[in-house]
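Structure, as structure tokens:
The values are calculated or read from the model by the stated rules, or taken from the named source; none is laboratory data. A quick note: this is a predicted structure, and the numbers were derived from the prediction, not measured. Note that each Cβ is placed from the backbone with ideal geometry, even for glycine, and that neighbours are counted across all protein chains shown. For accessibility, only protein heavy atoms count, side chains too; no ligands or nucleic acids. Shrake-Rupley method; radii C 1.70, N 1.55, O 1.52, S 1.80 Å.
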Amino acid sequence: MNSHRVQGSTIVSIPLHLANAISQQLHHFLPSKYCCTSSPRVWNRCCSAQNKMENQDLSKFTIKGDPQSLQNKISQIRMAGPSKLQVIADFDGTLTRYFINGSRGQSSHGLLQQGNPEYDAKRQALYEYYHPLEFSPTVPLEEKTKLMEEWWGKTHGLLIEGGLTYDAIKKSVSNALIAFRDGVVKLFEFLEERDIPVLIFSAGLADIIEEVLRQKVHKSFKNIKIVSNRMVFDKDGHLVSFKGKTIHSLNKNEHALDMAAPLHEHFGDTDGPNYDNASVKNRTNVLLLGDHIGDLGMSDGLKYETRISVGFLNDNIENNLDNYRNAFDIVYLVSGTQT
């Protein structure tokens, strides 16, 4: 197991089953399926009994900025019960693996091959220029936001100009180096059983995210909504435009909920629950998962009472650790050989 020495203390990197640790963290403050109930009194009693049986140590996986504050938040979520909880998650590098067999996994934008080498090369050149700026700790946030708007606008323009088709999306996903972190599907099932909604906020492409779920998981989840850049195709399957405003890595938040689309509807299942925007906003306890400090803004626009934020520090650990530790309640560290 690798480690990182930071300011005189050894920080142990997260092991392969990182997403299982998230499930464990959820189990730490959510009762088992046998205790599932909307009654805060029963919910709290079940959780207390479960805690006596479980003595989970996540210290090898995480850095906790303020352990006492985190424990207080867990207690508050327990008291409120499952009907008040929602999960807000980033997609690329959070739900998906940042490294796969030692190589950088592809993002929902990066995996796309539009069948036109000239335009694929142009988008790659944009990535090589803007990506280091996205994660640079020295670029001010206001300037970085403008750069991200510039990057996404140019990329979307190239996809339209280059004649992207939906068939190219399906082929790209099939050939892509992309995978969910170990335990993510289990986590989705855990939340679906308890009727806890999941909002996936992504600066990527909704159509590709849905195709990844379709090809890699082979199932839908009735509790998931996707808030991301959605494509508009003509009758021949060619991309002609994008819906709504552009969502990039620094403006993902609940103000964009009008762009949310239930996953099960896009999988042809019309029998799933309808978590309208008002009901989601009434769930004022939040578990937020992201790999970028800007992901903390995903809960902007929601008047939450309690939020537990989990940050995945995938890259440039030495330079970014202090910022992540100050920003997130829990920080997971990932090295190049891990998921």
Inset, instruction - Determine which member of the set Val184, Val232, Val240 is of a type in the set (A, V, I, L, M, F, W, C), within 12 Å of Phe91 (Cα to Cα) and either open to solvent by 10 Å² or more (accessible area, probe 1.4 Å) or not assigned by the TED database to the domain that holds Met148 (or both). - result: Val184
Legend entry - Failed item, numbered, when Arg78 is tested on (1) within 22 Å of Tyr324 (Cβ to Cβ); (2) in the same structural domain as Asn229 (by the TED database); (3) over 20 Å from the mean Cα position of the chain (by Cα): (1)
Legend entry - Residue list for segment 57-73, filter: part of a loop (DSSP other than H, G, I, E, B) and either in contact with a Pro (Cβ under 8 Å, 6 or more places away or on another chain) or open to solvent by less than 50 Å² (accessible area, probe 1.4 Å) (or both): Leu58, Lys60, Phe61, Gly65
Legend entry - Cβ-Cβ under 8 Å pairs, at least 6 apart or on other chains, segment 207-222 side assigned by the TED database to the domain that holds Asp182 and part of a loop (DSSP other than H, G, I, E, B), far side of a type outside the set (A, V, I, L, M) and open to solvent by less than 10 Å² (accessible area, probe 1.4 Å): Ser220/His264; Phe221/Phe188; Phe221/His264; Lys222/His264
Inset, instruction - Give the residues of segment 121-137 that are in contact with a Leu (Cβ under 6 Å, 6 or more places away or on another chain) and open to solvent by 40 Å² or more (accessible area, probe 1.4 Å), sorted by residue number. - result: Lys122, Leu133
Inset, instruction - List every residue pair whose Cβ atoms lie under 7 Å apart, where the two residues are 6 or more positions apart in sequence or sit on different chains, the first residue falls within segment 109-137 and is closer than 14 Å to Gly153 by Cα, and the second residue, located anywhere, is surrounded by fewer than 17 Cβ atoms within 10 Å (Cβ to Cβ). - result: Leu126/Lys154
Inset, instruction - State whether the residues of segment 105-120 include one that is open to solvent by 60 Å² or more (accessible area, probe 1.4 Å), under 19 Å from Asn253 (Cα atoms) and in a helix (DSSP H, G or I). - result: no
Inset, instruction - Kindly list the number of the only condition in (1) more than 20 Å from Leu239 (Cβ to Cβ); (2) open to solvent by 40 Å² or more (accessible area, probe 1.4 Å); (3) in contact (Cβ under 8 Å) with a residue 40 or more places away in the chain; (4) over 17 Å from the mean Cα position of the chain (by Cα) that fails for Lys170. - result: (1)
Inset, instruction - Specify which of the listed residues (Glu254, Glu265, Glu189) is surrounded by fewer than 18 Cβ atoms within 10 Å (Cβ to Cβ), at pLDDT below 90 and not hydroxyl-bearing (Ser, Thr, Tyr). - result: Glu265
Legend entry - Residues satisfying the stated conditions in segment 289-315, i.e. over 24 Å from Arg97 (Cβ atoms), assigned to a loop (DSSP other than H, G, I, E, B) and either polar (S, T, N, Q) or open to solvent by 20 Å² or more (accessible area, probe 1.4 Å) (or both): Asp300, Gly301, Lys303, Tyr304, Glu305
Inset, instruction - Could you list, in sequence order, all residues of segment 74-94 that are of a type outside the set (Gly, Ala, Ser) and part of a strand (DSSP E or B)? - result: Leu85, Gln86, Val87, Ile88, Asp90
Legend entry - Qualifying residues in segment 197-227 (those that are surrounded by 24 or more Cβ atoms within 10 Å (Cβ to Cβ) and among the small types (Gly, Ala, Ser)) - the one nearest to Glu149 (Cα to Cα): Ala203
Legend entry - Residue selected from segment 138-166 under the condition assigned to a helix (DSSP H, G or I) and of a type in the set (A, V, I, L, M), by the criterion surrounded by the fewest Cβ atoms within 10 Å (Cβ to Cβ): Leu141
